[in-house]
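Asks: Attaching a single structure in structure tokens format; questions to follow.
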Amino acid sequence: MSDWTLLALAIALSLALIGVVVGLVPAGPGPARTRARHRRPRPERSSFRRSSKDKGRAERRAAIIINPTKFDDVSLVRAELTQASAQLGWAEPLFLETTVQDPGTGQARQALDEGVDLVCPLGGDGTTRAVAVALAGTRTPMGLLPKGTGNLLARNLDIPVGADLVPALRVACSGRNKAVDVARLELDPAEEPATDDSGRAEEPVEGPPVQRHPFLVMAGMGFDAEIMGGTSEEFKARVGWSAYFVTGFRKLFVKRFRVRWSIDGRVRDPVLARTILVCNCGTLQGGIQLVPSGRVDDGLLDGVVIAPKTLIGWGSIALRVLGRSEKDGNELIRTTGSVYTVDADEPHPVQVDGDVIGEATRLRVSVDQQALIVRVAGADGARADGPSARAPRLRRPRR
């Protein structure tokens with residue numbers, strides 16, 4: 001095989017890897033997965049036999065938190081979902097709209113105060129993340145109505161994704177409860193002061209408050225955040241999804257930076273990385289499995305260090321990821337743990353679930369196991385109206 005052939009192959013694989021890395025960036029609503037489309041429909045909630053204590057109970061009601069930027073006419077969406085709710089035996093939903101100042105957290109808290117039975121974010125991964133901030137740690141389930149362009153949490157949970165919102169609403173109203181993990185990222189967390197006098201209370205840590213950003217899919221520092229922050233809205237509007245590939249190829253050789261990191265307190269060897277990701281989910285757009293063993297409910301996170309030196313190195317990574325290989329090397333390091341710390345020599349952009357939240361030199365990422373209840377399709381597991389809302393706690397071996 002000639003050098004030119006190798007170079008062409010490396011470029012093709014590198015472009016594929018760009019698709020892998022930016023898979024969590026908005027990509028346009030896609031079709032639901034085949035398994036979700038052809039699964040036998042679950043009976044409507046009204047068809048379940050009610051116990052004597054349920055007789056006379058008022059109709060269940062959902063709150064639907066709409067990101068209005070996703071629709072040309074919100075009133076048509078409200079009418080469609082109101083009609084679908086009635087057909088499912090539910091009352092007219094409580095509709096609340098997000099704003100620039102509040103992308104969904106305040107609306108979710110208002111919905112909880114109203115005593116609704118279900119809260120449904122209607123938007124992309126950003127809206128879902130904002131709503132999850134309020135629902136995490138409560139017993140109120142979240143029903144996903146994916147209308148963003150990434151919708152990665154919905155795709156990882158086999159929620160119907162497409163132009164028609166009714167199948168997703170049906171899952172939200174009549175599916176089963178699944179408890180999933182919520183990861184939390186801290187930007188430049190304050191160091192605790194050292195003391196030899198453990199018998200006395202320590203003074204409060206001075207400085208700015210710690211910023212904790214919950215996320216459900218993944219967070220990253222470096223190449224991935226550079227792509228997301230470096231693609232303008234105007235460019236995306238002009239050329240569409242391909243704008244991310246143009247930006248990604250331009251930043252393919254963004255300067256590597258030294259990463260000092262630890263997993264559950266165990267210090268790892270420093271690496272020169274292009275990007276470092278901490279994942280709560282393992283599957284990206286198109287079914288690409290960045291972390292084949294990743295689970296959303298096992299109380300563990302998956303760290304991914306991407307550190308190629310050359311174009312051939314990028315191609316090697318792409319080949320492994322697209323081939324679903326769990327074999328790693330110097331260019332691709334995948335690990336598992338509960339708490340990750342990352343230190344860089346200078347500030348780098350950071351993203352959570354596709355949103356760039358700023359720059360930092362130090363990250364701390366932890367996980368709250370099964371802190372959020374989400375409605376998913378399927379007849380197995382706990383029923384949404386059953387006594388148990390939590391799935392069994394399963395943990396993978398750490399690596």
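Asks: Hey, can you tell me all the residues within region 268-280 that are buried (at least 21 other Cβ atoms within 10 Å of the Cβ) and farther than 20 Å from residue 364 by Cβ?
Replies: Keep residues of region 268-280 that are buried (at least 21 other Cβ atoms within 10 Å of the Cβ), which gives 273-280.
Of everything in region 268-280, just one residue is buried (at least 21 other Cβ atoms within 10 Å of the Cβ) and farther than 20 Å from residue 364 by Cβ, namely 274.
Asks: So, one more: Can you give me the ranges of the strands (runs of 3 or more DSSP E) entirely in region 53-163 with at least 2 residues that are closer than 25 Å to residue 296 by Cα and open to solvent by 20 Å² or more (accessible area, probe 1.4 Å)?
Replies: Answer list for region 53-163: none.
Asks: Look at region 281-310 and say how many of its residues are buried (at least 21 other Cβ atoms within 10 Å of the Cβ) and free of Cβ contacts under 8 Å to residues at least 24 places away in the same chain.
Replies: Within region 281-310, residues that are buried (at least 21 other Cβ atoms within 10 Å of the Cβ) and free of Cβ contacts under 8 Å to residues at least 24 places away in the same chain number 1.
Asks: Could you figure out which of (1) outside any strand (DSSP E or B); (2) within 14 Å of residue 282 (Cα to Cα) isn't true of residue 319?
Replies: Result: residue 319 fails condition (2) only.
Asks: Which is closer than 30 Å to residue 59 by Cα and touching a strand residue (DSSP E or B) at 6+ places or on another chain (Cβ under 9 Å), of 333, 373? Please lay out each step first, then the result.
Replies: On the way: 333 fails: closer than 30 Å to residue 59 by Cα.
Criteria check complete, one pass: 373.
Asks: Suppose we filter 175, 248, 229 for residues that are touching a strand residue (DSSP E or B) at 6+ places or on another chain (Cβ under 8 Å), surrounded by 14 or more Cβ atoms within 10 Å (Cβ to Cβ) and at pLDDT below 65; which single one remains? Write out each step before concluding.
Replies: Working: 175 fails: at pLDDT below 65; 248 fails: touching a strand residue (DSSP E or B) at 6+ places or on another chain (Cβ under 8 Å).
Sole residue among the options that is touching a strand residue (DSSP E or B) at 6+ places or on another chain (Cβ under 8 Å), surrounded by 14 or more Cβ atoms within 10 Å (Cβ to Cβ) and at pLDDT below 65: 229.
Asks: Kindly provide the set of residues from region 312-337 that are closer than 14 Å to residue 271 by Cβ and either under 21 Å from the mean Cα position of the chain (by Cα) or open to solvent by 10 Å² or more (accessible area, probe 1.4 Å) (or both), ordered by number.
Replies: Within region 312-337, 328, 329, 330, 331, 333, 334, 335 qualify.
Asks: Return the residues of region 350-384 that are open to solvent by 10 Å² or more (accessible area, probe 1.4 Å), at pLDDT 90 or above and more than 25 Å from residue 292 (Cβ to Cβ); say none if nothing qualifies.
Replies: Result: 359, 361, 362, 364.
The values are calculated or read from the model by the stated rules, or taken from the named source; none is laboratory data. These numbers come from a predicted model, not from an experiment. Ideal geometry is used to build each Cβ from the backbone, glycine not excepted, and the neighbour counts take in all protein chains shown. Surface accessibility is based on the protein's heavy atoms, side chains included, excluding ligands, DNA and RNA. Shrake-Rupley method; radii C 1.70, N 1.55, O 1.52, S 1.80 Å.
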